[in-house]
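Each remark here refers to the structure printed beneath this line.
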Amino acid sequence: MHQLNAQNYIDAVSTRAGQTRQPDHATIELTYGCNLRCLHCYNPTHRALPQELTTAEVCTILTQMAELGVLTVSLSGGEPSLRPDIETILRHARRTGLLVSLLSNATRMTPAFASLLDEVGVSHLFISIYGATPAVYERMTGIPGSFTHFLQGLDCLSRRAFAVTLRMPVTTVNRPEVDACQQLVESRGFKFQYSLDIHPRTDGDHAPLAYRLDPDQKTELDARKLGVPLSDRDPDTCTPEEPFISCACGRSRFAVTPYGEMNLCVAFPTPKYDLRKGTVREGWATLKQTVDQARPTARYECAACDVHRYCRQGRSDAWLETGDMSACLPHFKEWAQLEHRSHVLLNPGRTR
């Protein structure tokens, strides 16, 4: 008998969810409270405020997610371990049948908390890594001593049943330490990933963008770390016939803020459906309607753009920076042009 491993099963469910418009994955930001003050972060406050969801409200939302057919849920923050009820939330999520992943900075990780994650049956722990040396790491986090706590946290995670992946948000500050971060992570037996996505804060503050790499730096890093020239990889197929919002947001995935607002994504905080006044099922209907009714404005250039297929700008990027999902952002246009130019240079005589 052919057996399907867990990841293949999840991928199959996700594909079907996108086709049927049923959600398979959700993210809940349990708190905006955080013990770090990362300079690139989109967190609008870094503080836990009284209006954040109560334990009972979080558990109700988790139950409604499972009833709607959600398979996997990511619990994030802020730093989710700052919630005193995190154990209750984790246990309830698992009782409902949800597969749970947790996002953390690991600086508060202890052997006891790691054992709890093991016991509860968390499927994946995603840890942020900001640098490979105290100077860079703590310039990113703004907290003296945080690098030592981070390393101590990693020491608690060896030989655990759940998968551990460390993700590095690459900025102008820590870019020189990408290789060193990868070595630090892999020497401990964990998986390493990096991300070039730096967004404005969800309250509209553009301050994090000051730390975003330039397009040429992104192109160089991708080409070097992925092992082949960026131009040698096929760009994502993207055509004018696709829906205006064609990502998983509002098609198979959604997010919930610490205040109970149900949105398309953590990085796409709209339409702010209030789960304190309605249900996850009703909110999902609102999200689908938001996606289906979205239309280009006069600023829409994608259909006529000759580098559109190389562009990594999402509707959320334009919306966060300008308030208009149709806007063409110069940063992403330049990045796409660099990728296209590199492809042409290395593939003479071939067109796409």
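Taken over segment 306-315, residues that are over 20 Å from residue 201 (Cβ atoms) and part of a loop (DSSP other than H, G, I, E, B) amount to 4. Got at least one residue in segment 147-157 being closer than 27 Å to residue 332 by Cα, among the polar types (S, T, N, Q), open to solvent by less than 80 Å² (accessible area, probe 1.4 Å) and out of contact with any Phe, Trp or Tyr (no Cβ under 7 Å at 6 or more places or on another chain)? No; the residues of segment 147-157 include none that is closer than 27 Å to residue 332 by Cα, among the polar types (S, T, N, Q), open to solvent by less than 80 Å² (accessible area, probe 1.4 Å) and out of contact with any Phe, Trp or Tyr (no Cβ under 7 Å at 6 or more places or on another chain). Inspection of segment 88-106 finds no residue satisfying the criterion of being within 23 Å of residue 259 (Cα to Cα), open to solvent by less than 10 Å² (accessible area, probe 1.4 Å) and charged (D, E, K, R).
Is there a residue in segment 326-343 that is in contact with a His (Cβ under 9 Å, 6 or more places away or on another chain), farther than 30 Å from residue 69 by Cα and charged (D, E, K, R)? No, segment 326-343 contains no residue that is in contact with a His (Cβ under 9 Å, 6 or more places away or on another chain), farther than 30 Å from residue 69 by Cα and charged (D, E, K, R).
Consider residue 44 carefully, then state whether it is touching a Cys at 6+ places or on another chain (Cβ under 6 Å), in contact (Cβ under 8 Å) with a residue 40 or more places away in the chain and surrounded by fewer than 21 Cβ atoms within 10 Å (Cβ to Cβ). When the stated conditions are applied, residue 44 does not pass them. Inside segment 240-278, residues that are open to solvent by less than 50 Å² (accessible area, probe 1.4 Å), of a type in the set (S, T, N, Q) and in a loop (DSSP other than H, G, I, E, B) make up a count of 3.
For segment 289-326, residues that are under 20 Å from the mean Cα position of the chain (by Cα) and of a type outside the set (Asp, Glu) total 11. The listed residues are 285, 318, 303, and the only one of them that is of a type in the set (A, V, I, L, M, F, W, C), surrounded by fewer than 16 Cβ atoms within 10 Å (Cβ to Cβ), without any contact (Cβ under 8 Å) to a residue 12 or more places away in the chain and not in a loop (DSSP other than H, G, I, E, B) turns out to be 285.
Here the condition is being under 30 Å from residue 95 (Cα atoms) and under 22 Å from the mean Cα position of the chain (by Cα); of 209, 116, 125, it holds for 125 alone.
The values are calculated or read from the model by the stated rules, or taken from the named source; none is laboratory data. Quick caveat: nothing in here was measured; it's all calculated off a predicted structure. A quick note on method: Cβ atoms are made from the backbone with ideal geometry, for glycine too, and the neighbour counts reach across all protein chains shown. With ligands, DNA and RNA removed, areas are computed over all heavy atoms of the protein, side chains included. Shrake-Rupley method; radii C 1.70, N 1.55, O 1.52, S 1.80 Å.
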